[in-house]
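Here the structure comes first, spelled out in structure tokens, and everything after it is commentary.
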């Protein structure tokens, strides 16, 4: 049988929020035991003992044998769900799922990556884990603590899927066979730089005349005008454009024969 731990529990007669708060003040954690052949049973777990249990589990899928003073039968369970306070991080509630040694059951098992990916080592790739756990179906004796995935041969652009996982004796993978497990991809920063470099900037203004990189306008004789020179007058104009910075004199008003007399001092 797979590795299993032991946990002392006691029956919990009182239920409700008030009873749960009183239990937590007494350093007890409210719990519920249930299963296919087990009616929901209210239990209490010693807080420090449960903390030691969680440290022993370390994210693995391990079976826990429950010891009760009022019941000689020891239930074989696994931690179905553990609730914690998001602020204080204290354990609030535990759901224990009972299993039978001779019956198959389903459980989520964490993925453990081993090896150094070829793509990471030689192609500057990055590993991308698509899921943290996989659902399996097995007997209690065949339960794997972790699902080990070797990524040594994984190259950039390649993906390990559920269908390509190494078989585990007595264990059936219940997820879709085409579901990705882990991929080796190019670094995100490099992908973004390539896209930005290839795509033209939409709505970019043309360079101003005289600015670095701006093409000089061709002169009438086919020669390029000096940089910064004013553009030639349009066809049909007899006079060129006024020099830059010079304001054009205003035309005399219609009907005036003489210019206005200067103001008296």
Within a 10 angstrom radius of the beta carbon, how do 156, 136 rank from fewest other beta carbons to most?
156, 136
When only Cα pairs under 8 Å and 6 or more residues apart are kept, what is the percent relative contact order across the stretch 4-101?
32
Sorted by Cβ density within 10 Å, fewest first, the residues 52, 12:
52, 12
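Could you grab the relative contact order for the stretch 106-195? Cα pairs under 8 Å, six or more apart, rounded to a whole percent.
Result for the stretch 106-195 is 38 percent.
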Taking 29, 160, 168, 87 and counting other beta carbon atoms within 10 angstrom, the fewest-first order is 87, 168, 160, 29
Which shape class applies to the stretch 4-101: rounded if a/c is under 1.5, otherwise prolate when a/b exceeds b/c and oblate if not, where a ≥ b ≥ c are the square roots of the Cα gyration tensor eigenvalues?
oblate
Taking a ≥ b ≥ c as the square roots of the eigenvalues of the Cα gyration tensor, with a/c under 1.5 meaning rounded and otherwise prolate when a/b exceeds b/c and oblate if not, the stretch 106-195 is prolate
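Which of rounded, prolate, oblate describes the stretch 100-147, given a ≥ b ≥ c as roots of the alpha-carbon gyration tensor eigenvalues and a/c under 1.5 marking rounded, otherwise prolate only if a/b is larger than b/c? Show your work: numbers first, answer last.
Details: a/c = 5.96, a/b = 3.20, b/c = 1.86.
Because a/c hits 1.5 or more and a/b exceeds b/c, the stretch 100-147 counts as prolate.
Each value in this text was obtained by applying a stated rule to the coordinates, not by laboratory testing. On a predicted model such as this, the values are computed, not experimentally measured, just so you know. Counting neighbours? That spans all protein chains shown, and the Cβs are built from the backbone with ideal geometry, glycine included.
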